[in-house]
Amino acid sequence: MPTSSISSPGIASGLDVNGIVAKLMELERIPLTRLATKETNYNAKLTAYGSIKGALSSLQTAAAALAATATFNARSVAVSDATVVTASASSAAAAGSYTLSVTQLAKFHTLRSTTNYAATTDTFNTGTLAISIGGGSAVNITIDSSNNTLAGIRQAINDANAGVTATILNDGTTNRLVLTSTTSGAVGSIAVTATDSGSGGANALSGLDSASLLQTQPADNALFNINGIDIIRSSNTVTDAIEGVTFKLTKGTPAAPGTATLVINRNTDAITTSIATFTKAYNDAVGLLKTSSSFNAATKVAAVLNGDSTVRSLQGQLSDLVHTSVTGISGGISTLSDIGITVQKDGTLATDSTKLAAALADPAKDVTALFTQTTAGNEGIAVRFNAMLRTSIGFDGLIASRTDGIAASLKQIGDSRDALNLRLAKLEARYRAQFTALDTMMANMQKTSQYLTQQFKTSSN
């Protein structure tokens, strides 16, 4: 009698042991699939919370800007003639108008040599150049055989950091050594004393002292007048004439004074921009919280954070804050709606720009206090937002607590997977051992059956 065919290598009985074990293990691995599904869901929640934290962080940044009084004290400067002066103002500047007249700009003192030098390699006697600025202490520069050329002297002066910049200019026929002070005005005037202590050069060092140098630009101070008051400064950039205002003078002579008017006002554009940044950040955060926790009734599909208590808590806190009221503020305002910022049906904010502009322009309405007041229990709206968000997105806040819990669950899933894989490996080994034993037993029984059949045939003959 022919033996049964063997369907897989090593299976003497004809049993498909590999196939049987694979099917059994497929059933045993169902818990792994469930763990993978849970893991995917938890990772999706972590991603969603990461996005929410980012949106709330942007909102906190915007709220912090609105909570700072400097935002509302920002100043703008309008200049009638920008060719005469440019200006900027800090929050320390008082609103007002200033008439400016410039009769002289500050200049950097400049001297040049008068001797004709044919080349930058022309040599000088050795000795010392002593350079002083504004009558201060002199810097002594040694001229020796290593640097006693025109180019060498230029480099030695620059390396000495003596308060001047040395250059060599070629006018087409000769070379000139030019010294320019690095400090403008009279305090930057240059004085050079040359001492010849040796020889060996084609030119004397004395040709480079102040008596021999030609002034090409005087060490002038800036002369200007603000609202009838004469002012002198050594620099054209002035920071201390009008408190909180920095301006740069650019035109004006005694014969043709440069005149301009500076008008300093509250910078409502900067305030409006800060408020717009805040409302956009709020709307982005509210929108993200909504989509992350929504439920599509038509498709019966829930968003990853649908029903999440932390999301509901954040939504409630944000909603409470935009409806909050700050009492005791002058001008009859206490809420965002009083300055044109209203809550829409979908929970987002909309701004009536006309109403907001009118509130900012009205000195009776203390919009600054509405956002920045720090009175305990009656804080400004931006101050409250900043505090709430700092807690929510902080290392021990609502979101951190929730994501820490999710991370713990993911670790538990990983541990469970490792343990399950270990158990499955042992189980598969046991299955294979059992079926191998069955295979051996069936193979032996088959041989016995064949033997007995053969014996019966022999006996019957």
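All of the numbers you see were taken from the coordinates with simple rules; none came from a lab. Just so we're clear, the structure is a prediction, and the values are computed from it rather than from any experiment. Positions of Cβ are generated from backbone atoms using ideal geometry, with glycine treated the same way; all protein chains shown enter the neighbour counts.
Data for the structure
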| item | result |
| --- | --- |
| Potential lengthening between LEU35 and ALA138 on full extension [0.36 nm per residue; Cα-Cα distance subtracted] | 28.9 nm |
| Nearest-ten-degree value, helix 398-460 long axis tilted from longest Cα axis of the chain | 30 |
| Among beta bridges that DSSP assigns inside segment 108-217, antiparallel share in %, nearest 5 | 95 |
| Calculated FRET value between THR342 and ALA255, using beta carbons and R₀ = 60 Å, to 0.05 | 0.50 |
| Environment charge at THR348 (Cβ cut-off 12 Å; Lys +1, Arg +1, Asp -1, Glu -1) | +1 |
| C-alpha center-to-center spacing [segment 14-45, segment 386-418] in angstrom | 29 |
| Simple Cβ-charge dipole of segment 108-217, Lys/Arg +1 and Asp/Glu -1, about Cα centre, in debye nearest 20 | 200 |
| Angle between the chain longest axis and helix 268-292 axis [Cα atoms, degrees, rounded to 10] | 10 |
| Ranked list, fewest to most other Cβ atoms within 10 Å of each Cβ, for MET25, MET445 | MET445, MET25 |
| Acute angle (nearest 10 degrees) that the helix 381-393 long axis makes with the longest principal axis of the chain, alpha-carbon atoms | 50 |
| Debye, to nearest 20: dipole size of the chain, +1 on Lys, Arg Cβ, -1 on Asp, Glu Cβ | 2220 |
| Local electrostatic count at SER184 - Lys and Arg +1, Asp and Glu -1, tallied over other residues with Cβ under 13 Å | +2 |
| Net charge of neighbours whose Cβ lies under 10 Å from the Cβ of LEU214, counting Lys and Arg as +1 and Asp and Glu as -1 | +2 |
| Percent RCO, i.e. relative contact order, over the chain, from Cα pairs under 8 Å lying at least 6 residues apart | 22 |
